[in-house]
Amino acid sequence: MKQVSQVLGFLGTVTVVIGYLPQIRHLSREHCSGGVSIVAWQVWLLSSFLILSHALEVVDLVFIALQSVHIVAIILIISLARRYRGLTCAFHRLLAGQPVGSAAGA
C-alpha cells in the first residue's frame, strides 16, 4: 500500500510541475510581471526550504521531490519577475485600464 501512496505522491509532484508551467511560460515569453508578487513568492520559497528540511530529516522521498520542484520553480519565477519588473503584456495593461497599444511598462 505504501508503494501506491508513493506513486500517487509522485503523480502529485508532476501535477505541481504542470501547474507552474503557465506562470513560467507567461513570464518568459511575454516578459510580463503583471500580477506577480515577489514578496509572496519569497515567503513560499522560505516555506519550501523549511518543509524540505523536515522531509530530509524523515527521509520522505515524495516531499523531498515535491519541495525540490517548488524551490526550482519559485527561484525561476522570482528571477523572471525581477528581470521583467514593471513590464506588462497587453492583457495585463488592459486589466489595469492602460491603453493596449502603449509600450510595455509605460
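The values are calculated or read from the model by the stated rules, or taken from the named source; none is laboratory data. All values derive from a computational prediction rather than experimental measurement. Every residue, glycine among them, receives a Cβ derived from its backbone with ideal geometry; neighbour counts consider all protein chains shown. Remember, those area values only see protein heavy atoms, side chains included, never the ligands or the DNA or RNA. Shrake-Rupley method; radii C 1.70, N 1.55, O 1.52, S 1.80 Å.
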Q. Under the condition of being of a type in the set (A, V, I, L, M) and over 18 Å from Y20 (Cα atoms), which residue from region 66-91 is surrounded by the most Cβ atoms within 10 Å (Cβ to Cβ)?
A. L87
Q. Q98 is checked against (1) among the polar types (S, T, N, Q); (2) more than 14 Å from V36 (Cβ to Cβ); (3) part of a helix (DSSP H, G or I) and fails just one. What number does that condition carry?
A. (3)
(Q) Looking only at residues that are open to solvent by 100 Å² or more (accessible area, probe 1.4 Å) and not hydrophobic (A, V, I, L, M, F, W, C) in region 39-65, which one is nearest to T13 (Cα to Cα)? (A) H54
(Q) L94 - would you say it is in contact with a helix residue (DSSP H, G or I) (Cβ under 9 Å, 6 or more places away or on another chain) and either of a type in the set (D, E, K, R) or open to solvent by 80 Å² or more (accessible area, probe 1.4 Å) (or both)? (A) no
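Quick check on my filter: what residues within region 9-46 are among the aliphatic types (A, V, I, L, M), farther than 21 Å from Y84 by Cβ and in contact (Cβ under 8 Å) with a residue 24 or more places away in the chain? Steps first, answer last, please.
Just the residues of region 9-46 that are among the aliphatic types (A, V, I, L, M), to begin with: 11, 14, 16-18, 21, 24, 27, 36, 38-40, 43, 45-46.
Then drop every residue that is not farther than 21 Å from Y84 by Cβ, which leaves 11, 14, 16-18, 46.
V16, V17, listed by residue number.
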